[in-house]
1. Using a 1.4 Å probe and counting only protein heavy atoms, arrange HIS440, HIS287 so the residue with the most accessible area comes first.
2. So for the chain, taking the charge dipole from beta-carbon charges (+1 Lys/Arg, -1 Asp/Glu), which of PHE456, MET382, GLN54 sits furthest toward the positive end?
3. So how do GLU324, GLU390, GLU278 rank on accessible area, 1.4 Å probe, biggest first, that is with the largest at the start?
4. Please state the charge dipole magnitude for segment 335-458, taken about the Cα centre, from unit charges on C-beta atoms (+1 on K and R, -1 on D and E), reported in debye and rounded to the nearest 20.
5. Taking every Cα atom in the chain, find the radius of gyration and the maximum pairwise distance Dmax, and write them in Å.
6. Below 8 Å, C-alpha to C-alpha, sequence gap of six or more: please give me the relative contact order for segment 242-340 in percent.
7. What ranking of ARG528, ARG246 comes out by heavy-atom accessible area, probe 1.4 Å, highest first?
8. Sequence gap at least 6, Cα distance under 8 Å: using those rules, report the relative contact order of the chain to the nearest whole percent.
Amino acid sequence: MDSANHKKVAEEEDDSKFKKLGGIRTMPFILANEICDRFASSGFHSNMITYLTQELNMPLVQASNTLSNFGGTASFTPLIGALIADSFAGRFWTITVGSIIYELGLVCITISAVLPSLRPPPCPTQVNCQEASNFQLWVLYISLLLTSLGSGGIRPCVVTFAADQFDSDKVITGRSEKWNFFNWYYFSMGLATLSALTVVVYVQEHVGWGWGLGIPTIAMVISIIAFLIGSPLYKKMKPGGSPLIRLAQVIVAAFKKRKETAPENPKLLYHNKELDSEITIHGRLVHTDQYQWLDKGAIVTESESANSKSQNLWRLVTVHRVEELKTIIRMLPIWAAGILLVTSSSHLHSFVIQQARTMDRHLSRSFEIPPASLSIFGILTMLSGLVLYERLFVPFARRFTGHPSGITCLQRMGIGFVINIAATIVASLVEAKRKSVAAHHNLLDDPQAIVPISVFWLVPQFCLHGVAEVFMSVGHLEFLYDQSPESMRSTAAALYWTAISMGNYIGTLLVSLVHEYTGEKENWLPDRNLNRGKLDYYYGLVCGIQVINLIYYIIVAYFYTYKPLEEVKEEEDENKICETGVQLARTETA
């Protein structure tokens, strides 16, 4: 009896200590980590197309596909990292190890930029250039692979780890004194990206690639140190076990009982608050009528009722676990809409940088804006857009909708889809204008010529992409966090990156097919001379894909059902939580 009381007191003390952790005081450490990480990754990736084409002498399509392929890999590995975090390692250690692996990749590519033996001879004319050797390419690929693996530990865990430091309802609804967490998070990341696009890209273009890649490497070291310093203050959620195994158990249990008849009263299904305690900290999922064939996994048979102390989770699962799978199934069609959106924009950044390199980039007689720094306009638009969205749009929309956030996540994403289409249309029109000016001045056959048209013609499309990100990216991430089961939030965040991964791979396939089948003389995407290409046609193709995707999204969003959640309060556990299905089954038998 004394040991039981002692154990109970110890658990209460642990709970009390846990509740004192987290909160706003952890944000300087977590955001310092993520800001330095984003600064490093933006400085590393934003101008990499220039490094590949100008320093390693890669053809444009090969360079663009290389970046898209490794971008796809970097967006797929978060799924693995999320499963590791949710299953056994926890988010803190997954972030830490991922950051170290990422740092190794940055060190590797920085060394390759410093040592001349790891690069081919310079080729200023970009005509008959000696391309990088197989060994030099392997150094590049290993560096990109390490950064891709490191991203797998960082991307799915940082935003959810930061959100874990607050109460769940305050994070999502903004009922605290803070503004919406995800807007705040994206604002911080935007500042970091803006800094990288101004400082790092300028160093890469005017000082050299050694320092240009060395600065992000140093920033990543600072990122790791800042994150580890805050360790004693963090709430570190215990891993709830492999989410994939729990989902598999539901499917197997439902299949084994496919011939059983589910009771009309869902309270007769299996409930076990003790079994689900580690995966229902903020609330249990309530039974829904969708996908009722999965409910068969929670049917309590007479034999299971008699042996309630030794339940086999491959034959009998709780209602909460069934609803976890239902929730994921409901989310997948919405998630899938993001794949083609990424496909349509996976190569735009690379191509736009090459466009900018052929245009007049002078801000003054002596200063030219680096091509990769044009993304600044998109970032500035996003930063100001986030502030205006929270301070003006949300209060205005709330008057008409009554929704605490002004509009729902799904509506926010839909607006982002529409704005992305507008941005692609503008991109096509600007490229057509650029080529007409080049033709007027007889510059079509000179790949190194500067076309007398201002680079600021490209600014509107960057601004539109920035506005689209305010709606689409933030809304998508908020949707995945809000609608996913709490024990699978890292996995749900990884779905965001998995969509990006699949979109990048499909984008590579799309560009390769366009390059392959549009002929040699009038190729839409030529290797060296963009002036002789038809990039505006490619943008038109991309626009058509986006329109089809928007129609699909409207349909699936219309039929989406938000997850119902029953809040859990300690003092109400004994009175308000329904009895287990086993107990009810015994009553029915009696």
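1. Values: HIS440 140, HIS287 45 Å².
Largest accessible area first, the list is HIS440, HIS287.
2. The one lying farthest along the dipole's positive direction is PHE456.
3. On the way: GLU324 0, GLU390 35, GLU278 120 Å².
Heavy-atom accessible area, descending, gives GLU278, GLU390, GLU324.
4. Around 420 debye, computed over segment 335-458.
5. 26.6, 94
6. Numbers: 108 pairs, mean separation 41.9, N = 99.
Across segment 242-340, relative contact order equals 42 percent.
7. Details: ARG528 90, ARG246 10 Å².
The most accessible residue leads, giving ARG528, ARG246.
8. On the way: 913 pairs, mean separation 133.3, N = 590.
The value is 23 percent.
The values are calculated or read from the model by the stated rules, or taken from the named source; none is laboratory data. These figures come from a predicted structure and were not determined experimentally. Here Cβ is always computed from backbone atoms with ideal geometry, including for glycine, and neighbour counts include all displayed protein chains. The accessibility values were calculated without ligands, DNA or RNA, using every heavy atom of the protein model including side chains. Shrake-Rupley method; radii C 1.70, N 1.55, O 1.52, S 1.80 Å.
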